[in-house]
């Protein structure tokens, strides 16, 4: 949530000063990971240990997804 709020504030500053936004792939991946973890967390009250593996897997997945979006699809 802190990451999402920080991005929102940063986006507001960029928009208000009419700066160039060149971080579409990174922000999209951050929002995707935040939504996935939020969905997992919203349906449970008790978290089993195996769910930690999902959270750890999302880190290298997000780095790989940014590389794919930047280099293969040309997002910048």
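Remarks
- Count of segment 12-34 residues which are surrounded by 11 or more Cβ atoms within 10 Å (Cβ to Cβ) and free of Cβ contacts under 8 Å to residues at least 12 places away in the same chain: 2
- Taken together, the criteria place residue 28 among residues that are closer than 21 Å to residue 67 by Cα and either modelled with pLDDT of 85 or more or under 17 Å from the mean Cα position of the chain (by Cα) (or both).
- Residue check, residue 37 out of contact with any helix residue (DSSP H, G or I) (no Cβ under 6 Å at 6 or more places or on another chain) and exposed (fewer than 11 other Cβ atoms within 10 Å of the Cβ): no
- For the condition at negative phi, within 13 Å of the chain's Cα centre (by Cα), surrounded by 14 or more Cβ atoms within 10 Å (Cβ to Cβ) and at pLDDT 90 or above, residue 58 qualifies.
The values are calculated or read from the model by the stated rules, or taken from the named source; none is laboratory data. A quick note: this is a predicted structure, and the numbers were derived from the prediction, not measured. Counting neighbours? That spans all protein chains shown, and the Cβs are built from the backbone with ideal geometry, glycine included.
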